[in-house]
Structure formats: C-alpha cells, structure tokens
Amino acid sequence: MPYLILGIALLAGLLLAGRWYVQADPKLLLKVLKWLLISLVLFIALFFLISGRVGLALAALPALLPWFIRFRQAARVAKAFHRMAQQARGGASTTGGTGQTSEVTTRYMHMVL
C-alpha cells in the first residue's frame with residue numbers, strides 16, 4: 001500500500017512539473033534547470049563523500065570528459081545560433097523593404113513574411 005501512495009504522489013508531481021514546464025518562460029526554465037543540475041552534481045558529490053567512495057567517483061571522471069566536451073560544443077553552437085537569430089531579426093527590421101507582407105494564421109501557427 002505505501003508503494004501505491006508513493007507512485008500516485010510521484011505521478012501527480014510529474015504531471016504538475018510537466019504542466020509548469022509547458023507554461024514556463026524559457027529564461028526561467030533555463031535558470032531552474034541550471035540550478036537543478038548544480039544541485040544534482042553537489043548531491044552526488046556529497047553522496048560519494050559521505051559513503052567513502054570518493055576514489056570511485058574520481059576514477060569515473062575521465063569517462064565523463066567526452067560528455068563535458070560535447071556539452072561545451074553544444075552550448076557554443078546554441079550561442080552562435082542565438083546570435084544569428086538576433087541579427088536576422090534586427091537585420092530584417094532595418095532593411096526598409098517595400099512594406100509588403102504576407103500573413104498566414106492557423107490554429108497552431110501565426111506567420112508573417
């Protein structure tokens with residue numbers, strides 16, 4: 001019976017977290033995910049420190065190095081795409097153009113060319 005209650009509580013928590021994730025502001029979401037990741041790393045480090053398995057954790061660090069390098073590359077690419085998107089938005093508004101626009105609106109999308 002306790003496992004059933006725990007399962008229901010976990011399901012309700014996941015549903016609430018999913019609802020928040022869908023409705024959250026992307027900047028707030030990024031900030032929360034960053035703090036969750038930092039907290040998770042600190043918790044794991046504290047676990048290894050308390051359990052006396054620091055040597056095991058240090059031995060696993062070289063295996064995590066490729067993941068760290070991939071994450072850094074992905075972050076650089078994301079930053080570059082973000083800069084390009086900002087320049088494209090800024091460049092489109094300063095071109096002047098002829099003032100002609102085309103607009104498409106559906107239930108799921110609104111697009112202006």
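Using a probe radius of 1.4 Å on heavy atoms only, what accessible surface per residue do you get for the chain? Whole Å² is fine.
95 Å²
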Could you calculate the FRET efficiency of Ile69 with Leu42 from 1/(1 + (r/R0)^6), where r is the beta carbon distance between them and R0 is 25 Å, rounded to 0.05? 0.70
Cα-based Rg of segment 5-52 normalised by 2.2 N^0.38 Å, two decimals: 1.51
Using a 1.4 Å probe on the protein heavy atoms, what percent of the accessible area of the chain belongs to carbon and sulfur? 72 percent
Would you mind telling me which residue in Leu30, Leu14, Leu61 has the biggest mean-square fluctuation in a Gaussian network model of the chain, where springs connect alpha carbons within a distance under 10 angstrom? Leu14
If the chain between Ala88 and Glu103 were fully stretched, how many nm would it gain, using 0.36 nm times the residue separation less the Cα-Cα distance? 3.5 nm
Derived scalar couplings ³J(HN,Hα) [segment 61-71; Karplus, 6.51 cos²θ - 1.76 cosθ + 1.60; whole Hz; x for Gly, Pro]: 4, x, 6, 8, 4, x, 5, 5, 5, 4, 4
Of the candidate values (1) 13.3, 37; (2) 22.8, 70; (3) 18.1, 53, the one computed for Rg and Dmax of the Cα atoms in Å from this structure is (2)
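The values are calculated or read from the model by the stated rules, or taken from the named source; none is laboratory data. All of these numbers come straight from a predicted model, not from anything done at the bench. Heads up, the Cβs are rebuilt from the backbone with ideal geometry, glycines too, and the neighbour counts pull from every protein chain shown. Just so you know, the surface numbers come from the protein's heavy atoms only, side chains and all, with ligands and any DNA or RNA stripped out. Shrake-Rupley method; radii C 1.70, N 1.55, O 1.52, S 1.80 Å.
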